[in-house]
Amino acid sequence: MATLLRSKLSNVATSVSNKSQAKMSGMFARMGFQAATDEEAVGFAHCDDLDLEHRQGLQMDILKSDGGEEGTEPPLEGDIHYQRDGTGPLPPSASKEGGVCSELSGQGKPKITAWEAGWNVTNAIQGMFVLGLPYAILHGGYLGLFLIIFAAVVCCYTGKILIACLYEENEDGEIVRVRDSYVDIANACCAPRFPTLGGRIVNVAQIIELVMTCILYVVVSGNLMYNSFPNLPVSQKSWSIIATAVLLPCAFLKNLKAVSKFSLLCTLAHFVINILVIAYCLSRARDWAWDKVKFYIDVKKFPISIGIIVFSYTSQIFLPSLEGNMQNPKEFHCMMNWTHIAACILKGLFALVAYLTWADETKEVITDNLPSTIRAVVNIFLVAKALLSYPLPFFAAVEVLERSLFQDGNRAFFPNCYGGDGRLKSWGLTLRCALVVFTLLMAIYVPHFALLMGLTGSLTGAGLCFLLPSLFHLKLLWRKLLWHHVFFDVAIFVIGGICSVSGFIHSLEGLIEAFRTNAED
């Protein structure tokens, strides 16, 4: 009797908790915030079909509806979250080909409008790393401004052709969606000889970008705090260690449901910070140094600027998922046009105005140029944003790594890091903590925001935004392409390849030199 009573009380408590969560997430779903809004697109980890293969091992817990326990209310629409264990009931589509992420694109999930999709894309390409663009103008002059425009045009185009690769013509001559993710496109290009090679390449690129994004957050946190309080006897390395200590609990994350709620607030705060920086620059318009903006480029450092600019436009990785969740996918092209036009204008103005204000004194993170009274307030908000944004790429990278190395069935390289009850094993938790420490070590030994950002943009940004979409478009649809599409694809692949290799080499040389200097110190 006592056991039965405890069971009933437990069920009631669970029911109350589920109702509360369902109402809250249902409210966010109706407001159009199905996807989290982090600037690196990793905030879309819950519905990013890139992780399709890796999420097939996860089971999606959808609160029980009318057929559930007696006395419970059906969940409001839009309440979906992941669980590692198998206690949650599977959605009907989870058993079908395509895995649980296909449910996210199905009819069971509320669709988003073109405006809501545009808001998500804007957050992805108007993020925190825009703060490094004035530094790119420092080494590129007017050519850097041209590159901001060129990168916007190319990324808009490659985003469209990437979505085109999701569709094929069926026997009836109708255009139908036959693929769901970037991984599916990559695997289709490598089939039949290497059916999984393309997906693995894309996932490796994503892991590198996610881990590097985590490192950048630690670097920028240490840099901002050090420049905000230069009189304190605390070095930049020490500030990075303090920031990592705050981030260490990320190793215990089971899902991003709580963390992702901060993404909208972080994005709004960042827009306010950008406005404050521009307002200060405009107040010094009389002192703008127009003569400092040249047509020449710094041959050694401008390739790094290319990577910085490209990295600020990376959004292709989640576009397949976003397009699949739109109410009217035909509006996708229009949405891409106005979001990238707006991003191009805002980025160009921000970079130019900031550079004109400080000219040759422009620093890697532009907020470091602000007066000390304003700088401390702005930088503290930016540090808070960086720390709140860190869990998103970290958790996404952990999921891909765990699924690839520890949970891939017979193909796994190592034993499963989860026990039979779904709990993370102690050595698995140790590996997560080691990943956090790794980001700290990289931030300590290479505390150069621009170099790391340029390296990431040249390596994974150019690959995912320029090279792979154009290559996949040619491979899958070359028989149906017009000559000018073929020309554009080949030109983007060649130019993107040259920029990628050049930026990577120069960024790597700069990092090696910085690493040696720090090691000697």
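The values are calculated or read from the model by the stated rules, or taken from the named source; none is laboratory data. Note that the structure is a prediction, hence the values are computed from the model and not measured. FYI the Cβ positions are ideal-geometry reconstructions off the backbone, even for glycines, and counts take in every protein chain you see. The area values use the complete protein model at the heavy-atom level, side chains included, leaving out ligands, DNA and RNA. Shrake-Rupley method; radii C 1.70, N 1.55, O 1.52, S 1.80 Å.
For the reader, a short list of remarks on this structure follows.
- Residue match in the range 165-181 (condition: under 25 Å from Phe129 (Cα atoms) and of a type outside the set (Asp, Glu)): no
- Of all residues making up the range 241-268, the number that are modelled with pLDDT under 75 and not in a loop (DSSP other than H, G, I, E, B): 10
- Apart from one condition, Met326 fits all of (1) in contact with a helix residue (DSSP H, G or I) (Cβ under 7 Å, 6 or more places away or on another chain); (2) touching a residue at least 40 places away in the same chain (Cβ under 8 Å); (3) open to solvent by 10 Å² or more (accessible area, probe 1.4 Å); (4) of a type outside the set (Val, Ile, Thr); the exception is (3).
- Those residues of the range 365-400 which are among the polar types (S, T, N, Q), touching a Phe, Trp or Tyr at 6+ places or on another chain (Cβ under 8 Å) and open to solvent by 20 Å² or more (accessible area, probe 1.4 Å), in sequence order: Asn369
- Sole residue being β-branched (Val, Ile, Thr) and either more than 30 Å from Asp298 (Cβ to Cβ) or not in a helix (DSSP H, G or I) (or both), chosen from Val437, Val490, Val501: Val437
- Selected residue (criterion: most open to solvent (accessible area, probe 1.4 Å)) from residues of the range 151-177 that are in contact with a Phe, Trp or Tyr (Cβ under 7 Å, 6 or more places away or on another chain) and β-branched (Val, Ile, Thr): Ile175
- A single member of Ile148, Ile125 is in contact with a Lys or Arg (Cβ under 9 Å, 6 or more places away or on another chain), hydrophobic (A, V, I, L, M, F, W, C), buried (at least 21 other Cβ atoms within 10 Å of the Cβ) and within 21 Å of Glu331 (Cβ to Cβ), and it is Ile125.
- Looking only at the range 185-203, and only at residues there that are open to solvent by 30 Å² or more (accessible area, probe 1.4 Å) and within 19 Å of the chain's Cα centre (by Cα), the one that is farthest from Leu131 (Cα to Cα): Arg200
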